[in-house]
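J.: Before we start, here is the structure in question, set down as structure tokens.
The values are calculated or read from the model by the stated rules, or taken from the named source; none is laboratory data. Everything numeric in this text was worked out from a predicted model, so none of it was measured. Don't worry about glycine lacking a Cβ; one is built from the backbone with ideal geometry, like all the others, and counts go over all protein chains shown.
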Amino acid sequence: MPIGLAEQLGIRTFLVLWAVALLATMCAAQDALIHAGHLIDPASNTVLEHQSILVRAGKIAAIGDNLRVAAGVQVIELSDAWVLPGLGDAHQHITMDFPPAPAQGSVWEGLRLNQSTAERTLRGIRNAGALLAAGFTMIRDVGNAAEYADTEVRRAIERGWFPGPTMLNAGKIITPFGGQNPGAAPERGTWWHDEYIDVDSPEQMRAAVRRNIYYGATVI
């Protein structure tokens, strides 16, 4: 059966993203030489043909059409593929998946009242791996991670326990009183504190920032 244009584009896209993920995971701990058939260069808005990428200690050391390496260096052959720099996502909530809305209440109640921080951490590890496989080598997670599940995901990736992109994490979201929960019943208390830190003054803001940094936030 002949392959249509849509299928061809899908295959090419897969090859591009696969190449990015391969570079990020396989080359992190060793030197490698990647032969790229078509190398997208966003800095010059051009596509370079038949280039080689030298990776040392997980970082790109050189790009050229006639690179020489020592014997024993891993060679990744992508001469028929399109290769581009890793993608970045500046707004992620990788520990959060919306559960189905119950008959009474909202998805937020199911998310915050029924899911533990441990579950959220495991979900974040799964989502981080999926993002890397899709070509994202850097993400910024902006909260909604229960009791700092985002920090645990980032540390697991940095320790090499699981594959994932380079990650910045914000910890708990800092908000005015109530977070993103308008109209909560007074007798329910401040149940949103597993996701948010309430601040109503400059000093409270400073304290909230210090708390997030203490528990592993790398961006506010």
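J.: Would you say Leu111 is surrounded by 12 or more Cβ atoms within 10 Å (Cβ to Cβ), assigned by TED's automatic domain parsing to the domain that holds Asp141, at pLDDT 80 or above and not hydroxyl-bearing (Ser, Thr, Tyr)?
T.: No.
J.: Something else: For Gly183, state whether it is in a loop (DSSP other than H, G, I, E, B), surrounded by 16 or more Cβ atoms within 10 Å (Cβ to Cβ) and not hydroxyl-bearing (Ser, Thr, Tyr).
T.: On the way: in a loop (DSSP other than H, G, I, E, B): yes; surrounded by 16 or more Cβ atoms within 10 Å (Cβ to Cβ): no; not hydroxyl-bearing (Ser, Thr, Tyr): yes.
No; evaluated as a whole, the condition is false for this residue.
J.: Still on this structure: Taking the residues in the stretch 38-77 that are more than 27 Å from the chain's Cα centre (by Cα) and not aliphatic (A, V, I, L, M) as candidates, determine which candidate is surrounded by the most Cβ atoms within 10 Å (Cβ to Cβ). Working first, answer last.
T.: Filtering the stretch 38-77 for residues more than 27 Å from the chain's Cα centre (by Cα) gives 48-51, 64-73.
Next cut, not aliphatic (A, V, I, L, M) only: 49-51, 64-66, 68, 72.
Details: Glu49: 10, His50: 12, Gln51: 20, Gly64: 11, Asp65: 10, Asn66: 7, Arg68: 9, Gly72: 7.
My answer is Gln51.
J.: Here's a follow-up. Between residues in the stretch 127-142 that are farther than 13 Å from Leu87 by Cα and residues that are crowded, with 17+ Cβ neighbours inside 10 Å and among the charged types (D, E, K, R), which pairs lie under 6 Å by C-beta distance while being six or more apart or on different chains?
T.: Within 6 Å, the pairs are Asp141/Asp150.
J.: Turning to a different aspect of this structure: Name every residue in the stretch 115-132 that is within 12 Å of the chain's Cα centre (by Cα) and either surrounded by fewer than 19 Cβ atoms within 10 Å (Cβ to Cβ) or not in a helix (DSSP H, G or I) (or both), in order of residue number.
T.: The answer is Arg126, Gly129, Ala130.
J.: When you scan the stretch 17-28, do you find a residue that is in a loop (DSSP other than H, G, I, E, B), closer than 24 Å to Met138 by Cα, at pLDDT below 90 and touching a Gly at 6+ places or on another chain (Cβ under 9 Å), even just one?
T.: Initially, the stretch 17-28 is screened for residues in a loop (DSSP other than H, G, I, E, B), giving 27-28.
Keeping just the survivors that are closer than 24 Å to Met138 by Cα gives 27-28.
From what's left, at pLDDT below 90: 27-28.
From what is left, the residues that are touching a Gly at 6+ places or on another chain (Cβ under 9 Å) are 27-28.
Yes; the residues of the stretch 17-28 include at least one that is in a loop (DSSP other than H, G, I, E, B), closer than 24 Å to Met138 by Cα, at pLDDT below 90 and touching a Gly at 6+ places or on another chain (Cβ under 9 Å).
J.: Testing Arg188 on (1) under 22 Å from the mean Cα position of the chain (by Cα); (2) over 17 Å from Gln92 (Cβ atoms), one condition comes back false. Which one is that?
T.: (1)
J.: Here is a follow-up. Could you list, in sequence order, all residues of the stretch 191-220 that are among the polar types (S, T, N, Q) and more than 24 Å from the chain's Cα centre (by Cα)?
T.: Ser201, Gln204 - these are the residues of the stretch 191-220 that are among the polar types (S, T, N, Q) and more than 24 Å from the chain's Cα centre (by Cα).
J.: Would a scan of the stretch 146-165 turn up a residue that is in a loop (DSSP other than H, G, I, E, B), in the same structural domain as Met96 (by TED's automatic domain parsing) and among the polar types (S, T, N, Q)?
T.: For the stretch 146-165, residues in a loop (DSSP other than H, G, I, E, B), in the same structural domain as Met96 (by TED's automatic domain parsing) and among the polar types (S, T, N, Q): absent.
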